[in-house]
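Reading through the structure tokens given below for one structure.
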Amino acid sequence: MKMVGRIFLLFLSVSVTVVIAGNGTPPTFTEKGKALAEKLCEKSEDKAFCVASLTSRPEANTATAPKLGVIALSIASTNASDTSFYIKAKLKQKNLEPALEDTLDDCSKNYLDAVAQLDDSLAALLANSYIDVDIWLNTAISDGEACESALSERAGNDAELARRNTNFLKLCKDALLINTILTP
């Protein structure tokens, strides 16, 4: 009986710790705008790209860290939507090579999923559910990586789609980096 009581107390203390840790507040920063974007992008794979994308919107000039997180997700979502439209337009072209058509079909499905996942990420971020943002962003990144694999492994390659996909992956990874910084 004592063992069951100890296990229960251990379970209870772990549960309370997880709940308390999950409800912390995000870190605060004194910087705003471009200075904050530079600080948040310090560990980005492409710092210049990260800063340029985050500061591309006028509202970034006075943005706090959480607002820059929203901006990062919004830019990634817009990029995914634009890329999805690009793929659909390419698929409407006549006389596509079969390998390119297969690649475009696969990437089209990936980008439709990615758009939905980024929308879910944004909703989760607005609800301060940083763990859910992490899950949805990682899933969107997986979709981009699947498109990247299709582009590199098949004869049907599209240079413009490859460029767009590379940018999409950078945007998602930067949004994930910011989310990690914001996670209490």
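The values are calculated or read from the model by the stated rules, or taken from the named source; none is laboratory data. If you're wondering where the values come from, they're calculated on a predicted model, not measured in any experiment. Using ideal geometry, Cβ is built from the backbone for each residue, glycine included, and neighbour counts are taken over all protein chains shown. Surface areas here come from the heavy atoms of the whole protein model, side chains and all, with no ligands, DNA or RNA. Shrake-Rupley method; radii C 1.70, N 1.55, O 1.52, S 1.80 Å.
State to the nearest 20 debye the size of the charge dipole of the range 42-184 about its Cα centre, where the only charges are +1 on K and R beta carbons and -1 on D and E beta carbons. Walk me through the intermediate numbers first.
Values: 14 positive and 22 negative charges, 94 e Å.
Charge dipole of the range 42-184: 460 debye, to the nearest 20.
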Accessible surface of the range 43-184 [probe 1.4 Å, protein heavy atoms]: carbon and sulfur percent: 52
Residue-level accessible surface for Cys147, protein heavy atoms, 1.4 Å, Å²: 0
Sequence-distant aspartates and glutamates (8 or more away, or on other chains) whose Cα lies within less than 15 Å of Lys43: Asp174
FRET efficiency, Asp134 to Glu97 (Cβ-Cβ, R0 35 Å, nearest 0.05): 0.40
Projected area averaged over orientations for the range 78-154, convex hull of C-alpha atoms, nm²: 4.8
Convex hull per residue volume in Å³, alpha carbons only, for the chain: 144
Rg followed by Dmax, in Å, when the range 32-135 is reduced to its Cα trace: 16.5, 51
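When only DSSP loop residues count, what trypsin sites (Lys or Arg not before Pro) in the range 103-184 have their Cβ near at most 15 other Cβ atoms within 10 Å?
On the way: sites: Lys109, Arg154, Arg163, Arg164, Lys170, Lys173; in loops: Arg154.
Hits after loop and neighbour filter: Arg154.
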On Cα atoms only, tilt of 65-91 relative to the major axis of the chain in degrees: 30
Choice from Thr28, Thr83, Thr64 showing the highest fluctuation, given a GNM over the chain with Cα pairs closer than 10 Å: Thr28
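Structure shown: which of Lys90/Lys170; Lys90/Lys173; Lys67/Lys109; Lys88/Lys170; Lys32/Lys170; Lys39/Lys173 lie over 18 Å apart, alpha-carbon to alpha-carbon? Intermediate values should be presented prior to the final figure.
Values: Lys90/Lys170 23 Å; Lys90/Lys173 26 Å; Lys67/Lys109 30 Å; Lys88/Lys170 22 Å; Lys32/Lys170 22 Å; Lys39/Lys173 16 Å.
Beyond 18 Å: Lys90/Lys170; Lys90/Lys173; Lys67/Lys109; Lys88/Lys170; Lys32/Lys170.
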Kirkwood hydrodynamic radius over Cα pairs of the range 46-100, then Stokes diffusion coefficient at 10 °C and 1.306 mPa s, in µm²/s: 119
J(HN,Hα) series, the range 172-181, from Karplus relation 6.51 cos²θ - 1.76 cosθ + 1.60, nearest Hz, glycine and proline x: 5, 5, 5, 4, 5, 4, 5, 4, 5, 5
All aspartates and glutamates inside 19 Å of Lys94 as judged from Cα atoms, apart from same-chain residues fewer than 8 positions distant: Asp102, Asp105, Asp106, Asp158, Glu160
